[in-house]
Amino acid sequence: MTLRAGLRHLLPPLAILGIGAALLAAMVLTRPEPPARTEEERVWRVQTRTVEARSIAPTLTLYGRLESPRASTLSAGVTADVEAVPAREGHAVAAGAALVALDRRDLAATVDQRGADLAEVEAQLEEARITHKANERALERQQGLVAIAERGVERARRLAERDVASPDEVDAARRALEQARLALNRERREVESFDARFDRLQAQRQRAQAQLEQARRDLGRTGISAPFAGRVTAVEVAPGDRVRAGDPLVSMYDTTALEVRAAIPGPRVAAVRRALARDDGITATVRVDGRVLSARLDRLGGRSAAGASGVEGLFRIRDAAPEGLPLGRFAEVIAELPPRSGVVALPPAALYEQDRIYVVRDGRLVALAVERAGQQAVPDGPNRLLLRVEALRSGDRVVTTQLPNASEGLRVRVADEAGGA
């Protein structure tokens with residue numbers, strides 16, 4: 001009885017718990033299912049640029065040094081003391097301007113001496129001409145004396161045959177004839193040797209004339225002047241110095257003949273040579289010491305450094321040289337090559353893996369293969385790449401934003417179309 005009474009007391013709580021469990025299970029089984037969650041595809045915002053293929057001139061950025069083919073070092077032509085040095089390093093001078101003055105006194109005395117030597121030889125020539133005329137007259141007279149002596153011998157021989165004259169008289173006549181003939185030979189030799197003596201004196205006169213001209217040139221070398229308008233780069237002497245022939249005095253360069261020597265890379269040499277052969281005229285812009293000058297490729301260098309694939313190009317400056325522009329300054333050269341047709345100009349950020357670009361079509365990326373055709377310099381900005389894209393369509397928008405995960409079919413949104421982010 002007691003056990004059954006205890007169970008009757010537990011039945012109500014157990015019934016309540018069962019009913020509650022049944023209600024909870026019914027609620028769980030009958031609850032509504034939440035809608036399935038789908039992950040949206042990410043859209044990448046990019047900058048684009050609409051381009052059209054056209055003819056564009058590539059540019060080539062080179063670096064070199066300023067030089068001049070007319071850079072001269074003026075040296076002393078004579079041995080003398082330095083009297084004055086008007087030249088100053090860094091100064092611009094006009095053609096013919098005095099740079100250095102040497103002492104003239106010793107060389108002026110040499111000019112006087114050489115002039116006296118020439119006058120002496122000319123006097124000897126005049127004396128030789130007078131003597132020759134006298135010898136010619138004496139030769140004529142001596143020929144007459146020989147004829148007289150010959151008649152005297154013939155007369156003495158006839159008289160001796162008739163025993164009117166003694167043998168001694170015949171011998172005396174013969175001696176007189178031989179003496180007359182000897183005198184005639186001497187006179188004839190004097191006349192005939194005149195040409196040789198005269199030529200020798202003329203040679204002496206030419207030598208004296210040359211020595212006088214040399215002395216005058218040496219005297220003229222005491223004044224060193226600028227051979228052209230230019231700028232003085234160095235002064236090697238000061239007043240009072242003793243210089244010898246060949247000693248350097250002043251260095252200068254022609255400010256109207258400036259060039260920039262810059263190395264052209266090997267891959268561009270062939271195109272540059274073709275342009276020079278066609279005389280297309282490769283123009284350039286030179287930046288040196290904050291100045292911008294126009295230039296033109298004049299020629300290619302005659303030598304190439306060992307192991308170098310490129311060659312040196314010599315760009316002739318066409319503008320007047322600014323004041324204070326020294327030789328040897330570092331210069332940047334932007335050369336404009338012959339135009340390339342069918343290319344587009346894009347910033348470097350548009351190129352992926354060096355061989356493709358992406359365009360936006362229907363909101364997704366489409367990869368296009370490219371061929372590099374050079375670059376184009378942009379003032380105050382990064383250079384643009386010149387690319388040949390065969391599959392580019394008219395109106396295509398090229399992506400100019402570098403995406404780390406760029407791939408074919410990636411969904412994108414053009415920033416400028418979405419409000420210009």
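Every number here is computed from the coordinates shown, using simple stated rules; none is lab data. Because the structure is a prediction, the values reported are computed rather than measured. Heads up, the Cβs are rebuilt from the backbone with ideal geometry, glycines too, and the neighbour counts pull from every protein chain shown.
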Work out which helices of the chain, taken as complete DSSP H runs, extend at least 27 Å along their axis over the Cα atoms and score a mean Kyte-Doolittle of 0.0 or more, then list them. 2-30
Can you tell me how much longer the chain between THR131 and LEU145 gets when fully stretched, taken as 0.36 nm per residue apart minus their C-alpha distance, in nm with one decimal? 3.0 nm
GNM flexibility winner over the chain from ALA134, ALA98, ALA234 (Cα, springs under 10 Å): ALA134
Can you figure out the FRET efficiency of ALA415 with THR283, using R₀ = 35 Å and their beta-carbon distance, to the nearest 0.05? 0.40
The Cα radius of gyration of the range 126-244, divided by 2.2 N^0.38 Å with N its residue count, comes to 2.40
Taking 0.36 nm per residue of sequence separation and subtracting the Cα-Cα distance, how much length would be gained by fully extending the chain between ALA320 and ALA234, in nm to one decimal? 28.8 nm
Rounded to whole Å and ordered largest first, report the semi-axes of the equivalent ellipsoid of the range 353-405 derived from its Cα gyration tensor (root of 5λ). 20, 14, 11
Multiplying the sequence separation of ARG70 and ALA92 by 0.36 nm and subtracting their Cα-Cα distance, what value in nm do you get? 6.4 nm
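Around ARG356, under 14 Å between beta carbons, what's the net of Lys plus Arg minus Asp minus Glu among the other residues?
Net of charged neighbours comes to -4.
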Between ASN383 and ALA123, what is the label-point separation in nm under the 7 Å Cα-to-beta-carbon projection? 8.0
Please give the FRET efficiency for LEU182 paired with ARG216, using the beta carbon to beta carbon distance and R0 = 45 Å, rounded to the nearest 0.05. 0.35
Starting from the Cα gyration tensor of the range 104-190, multiply each eigenvalue by 5, take the square root, and state the resulting semi-axes largest first in whole Å. 54, 10, 5
Given the Cα atoms of the range 278-365, and with Rh set as the inverse mean 1/r over their pairs in the Kirkwood sense, what is Rg to Rh to two decimals? 1.13
Cα pair distances of the chain binned at 20 Å [whole percent]: 15, 21, 17, 14, 12, 9, 5, 3, 1, 1, 1, 0
Residue farthest toward the positive end of the dipole of the chain, with Cβ of Lys/Arg at +1 and Asp/Glu at -1: which of LEU392, GLY266, TYR63? LEU392
Shape of the range 314-421 from its Cα gyration tensor (a ≥ b ≥ c, root eigenvalues): rounded if a/c is under 1.5, otherwise prolate when a/b > b/c, or oblate? prolate
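Quick one: if the Förster radius is 30 Å, what FRET efficiency do GLU332 and SER394 give, using the C-beta to C-beta distance and rounding to 0.05?
0.25
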